[in-house]
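Remarks on the structure that follows.
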Amino acid sequence: MKLLVAIDGSKASQAAVKYAARLFKSFMGENHISLITVQDDSSLRLFKKRTPKGAVEDYLRENADKNLAWAIKYLNKTKLAHDMIIKYGHPSEQIIKESKSGSFNMIIMGTKGRSSWADTVIGSVAQRVVGNSKIPVVLIKN
């Protein structure tokens with residue numbers, strides 16, 4: 001079983017990592033978790049032109065590392081096979097793209113509903129992933 005777990009540093013994404021770890025303990029055979037965090041750089045493109053070369057990329061990488069830190073520590077402690085994927089762009093598009101290219105069996109992600117009132121139930125990124133995924137998506141609400 002190969003899982004793609006979306007991480008954004010929130011308590012909901014921490015719950016998604018814990019769920020994936022519990023799920024793996026019940027499976028026999030070779031299991032692997034890929035943690036993906038996507039840094040949305042669309043609003044920072046203007047700043048790239050006005051800041052020193054590499055400053056925006058360094059900022060985004062720091063955020064990605066911060067988002068992944070807890071999950072990596074947790075999975076190291078549980079001794080589950082894992083790796084990390086850092087992408088830049090729109091989160092739902094990058095999660096779907098990675099799920100297609102990585103031969104994953106399932107996507108697991110937390111949901112927090114941060115955008116408009118209509119999206120408060122599961123969140124716009126989660127809605128887009130569920131609507132466009134060709135593999136099962138498990139949403140963890142915290």
- Message: Helix-only estimate, please: 222 nm mean residue ellipticity of the chain, summing -39500 (n - 2.57) across DSSP H runs of length 4 or more and dividing by its residues, to the nearest 500.
- Response: -14500 deg cm²/dmol
- Task: Could you pull the Cα extents of the chain along its three principal axes, largest to smallest, in whole Å?
- Result: 52, 34, 27
- Message: How would Asp40, Asp8, Asp83 line up from fewest to most surrounding beta-carbon atoms within 10 angstrom?
- Response: Asp83, Asp40, Asp8
- Which far-off residues, 5 or more places away or on another chain, put their amide H under 5 Å from the one on Met84, with H placed in the peptide plane? Leu35
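Bear in mind these aren't lab numbers, they're just calculated from the coordinates by the rules spelled out. Keep in mind that this is a model prediction, so the values were computed, not measured. Virtual Cβ from ideal backbone geometry, glycine too; neighbours counted across all protein chains shown.
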